[in-house]
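Enquirer: Here it is, the structure, as structure tokens.
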Amino acid sequence: MATLSAKPGQRFTVPDWHTNSHLISADAERQRSASHRVRQEARALRNETNNQTKWDEHDNQTRLAERISSVNRWKETLDKCLTDVDAEIDALAKVKEAAERALQAKNLPLDVTVECLTLRESRRAIDLVRDPVEEELHKEVKVIDKAKRELQQRVDEAFRQLCRLQEARQQLSCDHQHKMEALEIDRVCLSLNVNSPNISFKVNPTRVPSGSIVLDEWEQSSQQNKEQAEAEIKASAALREAAALAIAQTNNELEAQRVATEFALRKRIRDLERAYDELKWQEQNSLEEIAEMEEDIRRLEEDLRRKPQDLKVAHTRLETRTSRPHMELCRDQAQYGLMDEVHQLEGTIRALRQKLVESQDALAALRRQLHRVQTDLGCKANSLLLDSKCMDSRRKLVVPAEKFVPEVDTFNRTANRPLKNGRLELP
């Protein structure tokens, strides 16, 4: 048989049961209401955050694309600027090389001019004059020195400008390289999505990197590099124009001075030729006059040798006639004639001796003058030879070096040109 527990459990009344049921039901309703509200809020939050995330990602994608476009525009600008700088560097380098070649080319005219001055120092006696040729040669030295100084200045300026262009190019190149790296990084960022590999959480990603600058400073820096490069390009173009003008101007000045020097040198050679011809004519006439004078002196000496014999005859006649006897010793016409003959012969002998002395003095003077003429002829021939060598040396200024064949041995200072028709042969 069943038995009852000694201590039965607590018993609830029906109202308690109903009350408990109502409480449970009310709590369930309240929990469902709260859950519904949370679910609605969660759905709204999910929609809002999803939309916000999508829009934020879209906006940042747009910002990245715009940034890439902006950096790319600057990269293209820097590309063009780099191309312009490279072209200007090449152009300036060519102008610098041209100026250096022009400067080097001035050494030959200077050597030729100094050689001409040195050659003309070998002139002798009265021909060692400061003539227009020497003045033009000294002017030519000054013009060449001035041209070399100006060209050297242009070369130095071009070198310094090339350094500045290289520096500007270095700045542009660094900026261009940095933009290329930034473009690569931003393009990688633009390509990232939730499915991309190697995405992860980072430590403090929102920190401001050290050394970062604001956007205005970034753009100002690139603008400054660009403006600096453009300014150097402009300065280089002006320098190239000035250098080209200096090369042309110095060449024109040197050519004008060369023409003036050679004109003076040709005029001097013509003057020397005329003086040489005149002296040659004087020498010929002096030789003829000396020959005639020597012949006349010989005849005077012969007359002087004959006149004493005639005087002896007259003296002998007079002395013999003193032996006439007595009244025959008279002073007749023969006596007077013989006495006149003696006096006449003595005067003739004195006159002949005086004239012989004068003729000998004149002959000595003619010989001294002939020696002077011949000495001056030697000086003129030497001067003509030297000036001809100068003209021959100056041919190197207009004849290419590989085609230049000297017409005069400029090192054979003692060589003389052959005479042709009493004139020194010139080139």
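The values are calculated or read from the model by the stated rules, or taken from the named source; none is laboratory data. The model shown is predicted, which means the values in this text are computed figures rather than measured ones. Cβ atoms come from the backbone with ideal geometry, glycine included; neighbour counts cover every protein chain shown. For the accessible areas, the whole protein counts, side chains as well, though only heavy atoms, and no ligand, DNA or RNA atoms are used. Shrake-Rupley method; radii C 1.70, N 1.55, O 1.52, S 1.80 Å.
Results for (1) in contact (Cβ under 8 Å) with a residue 12 or more places away in the chain; (2) closer than 30 Å to ALA242 by Cβ; (3) in contact with a strand residue (DSSP E or B) (Cβ under 7 Å, 6 or more places away or on another chain), shown as yes or no for each residue.
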position: ASP127; (1), (2), (3): yes, no, no
position: ARG169; (1), (2), (3): yes, yes, no
position: GLN177; (1), (2), (3): no, no, no
position: ASN204; (1), (2), (3): no, no, no
position: VAL214; (1), (2), (3): no, no, no
position: GLN224; (1), (2), (3): no, yes, no
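Enquirer: Just wondering, is there one or more residues in the stretch 201-216 that are among the aromatic types (Phe, Trp, Tyr) and surrounded by fewer than 10 Cβ atoms within 10 Å (Cβ to Cβ)?
Expert: yes
Enquirer: Sticking with this structure for a sec: In the list LYS146, LYS96, LYS179, which residue meets the criterion of being within 30 Å of LYS389 (Cα to Cα) and assigned to a helix (DSSP H, G or I)?
Expert: None of the other options fit; the residue is LYS146.
Enquirer: I would also like to ask the following. If the requirement is being closer than 30 Å to ASP310 by Cα, polar (S, T, N, Q) and either open to solvent by less than 80 Å² (accessible area, probe 1.4 Å) or at pLDDT below 85 (or both), which of these qualifies: GLN344, GLN354, GLN335?
Expert: Just a single option satisfies the conditions, and that option is GLN335.
Enquirer: I would also like to ask the following. Kindly list, by first and then second residue, each pair from a residue in the stretch 57-81 that is under 15 Å from VAL188 (Cβ atoms) and touching a residue at least 24 places away in the same chain (Cβ under 8 Å) to a residue that is open to solvent by 50 Å² or more (accessible area, probe 1.4 Å) and assigned to a helix (DSSP H, G or I), limited to pairs with Cβ atoms under 8 Å and residues at least 6 apart or on different chains.
Expert: Here the result reads GLN61/LEU190; LEU64/CYS189; LEU64/LEU190; ALA65/LEU190; ILE68/ARG187; ILE68/LEU190, each pair linking the stretch 57-81 to a residue that is open to solvent by 50 Å² or more (accessible area, probe 1.4 Å) and assigned to a helix (DSSP H, G or I).
Enquirer: Quickly run through the stretch 298-320 and pick out the residues that are over 30 Å from LEU363 (Cβ atoms) and surrounded by 15 or more Cβ atoms within 10 Å (Cβ to Cβ).
Expert: Correct list: ALA314, HIS315, ARG317, LEU318.
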